[in-house]
Amino acid sequence: CVVSTIVVTGLSGVGKTTATRLAAEAGYLTVSVGDLFEKSTLVKDGIDDEFNTRIHTERGDDYFIRLAIERLYQRHDVDEHVGVVIDSIQTVAARRAVSSALGPIKIVWIHSPVADRVQRLRQRDVNPLARRALLQRDLRELNYGLASFATPFGHDVCVANDTTLEAFTRDIRAVL
């Protein structure tokens, strides 16, 4: 049985990848749903407003999380790790799929101001999103289910990533 299953979630650029990296350094087995999403052959034509609707309709609201869990079990003996950290989920169906496969989970919502997120995304992306495009992406992600985790009843822990990397690192390590 997995000792601990944690899902880090939040909008683009909040620090989910950094949190997942910190978890890996602490001995957690990690998987990024976003990486699977981006590498999926289903994304070949790009992501537009209809993409999520099409995937949710054709494959189910938990499609990418099911792929992530399958990948965990194919590549690793999950029981040999401190726990599992998944980056990230967007729907209630995905939450159910994680719980069903891995047992009780802790949802960690990461929040960060828009200006900070824009700056982070500019640093890591070759084609960074402008503020307006980021806000449109936020709205699309929230509408497809992410909003259910943003509310106080949707997550177990909220971590603010609005000061220094050192403070964020300390806060994430405290959650682990």
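Within region 106-176, the chymotrypsin sites (Phe, Trp or Tyr not before Pro) that combine a DSSP coil assignment with at most 13 other C-beta atoms in a 10 angstrom radius are F153.
Apolar share of the accessible surface for region 80-171: 54 percent from carbon plus sulfur atoms, 1.4 Å probe. Note on L142 and R71: their simple-model spin labels are 2.8 nm apart, each label 7 Å out from Cα toward Cβ.
Residues whose amide H lies under 5 Å from that of V7, counting only those 5 or more places away or on a different chain, are I86, K106, I107, V108; hydrogens are built 1.01 Å from N in the peptide plane. Remark: region 63-68, residue by residue, has Karplus-estimated 3J(HN,Hα) of 4, 6, 5, 4, 4, 5 Hz, where x stands for each Gly or Pro and the curve is 6.51 cos²θ - 1.76 cosθ + 1.60 at θ = phi - 60°. Rg and Dmax over the alpha-carbon atoms of region 106-176 stand at 13.3, 36 Å. On the beta carbon distance between A150 and D125, with R0 = 22 Å, the FRET formula returns roughly 0.45. Summarising the amide proton neighbourhood of V159: residues at separation of 5 or more, or on other chains, whose placed amide H is nearer than 5 Å comprise W109, I110, H111. In order along region 159-176, phi translates into HN-Hα couplings of 10, 8, 10, 10, 10, 9, 4, 4, 5, 4, 4, 4, 5, 5, 4, 5, 6, 5 Hz, rounded to whole numbers, per the Karplus curve 6.51 cos²θ - 1.76 cosθ + 1.60 with θ = phi - 60° and x for Gly and Pro.
The values are calculated or read from the model by the stated rules, or taken from the named source; none is laboratory data. This structure is a prediction, so every number in the text was calculated from the model and none was measured. Heads up, the Cβs are rebuilt from the backbone with ideal geometry, glycines too, and the neighbour counts pull from every protein chain shown. Remember, those area values only see protein heavy atoms, side chains included, never the ligands or the DNA or RNA. Shrake-Rupley method; radii C 1.70, N 1.55, O 1.52, S 1.80 Å.
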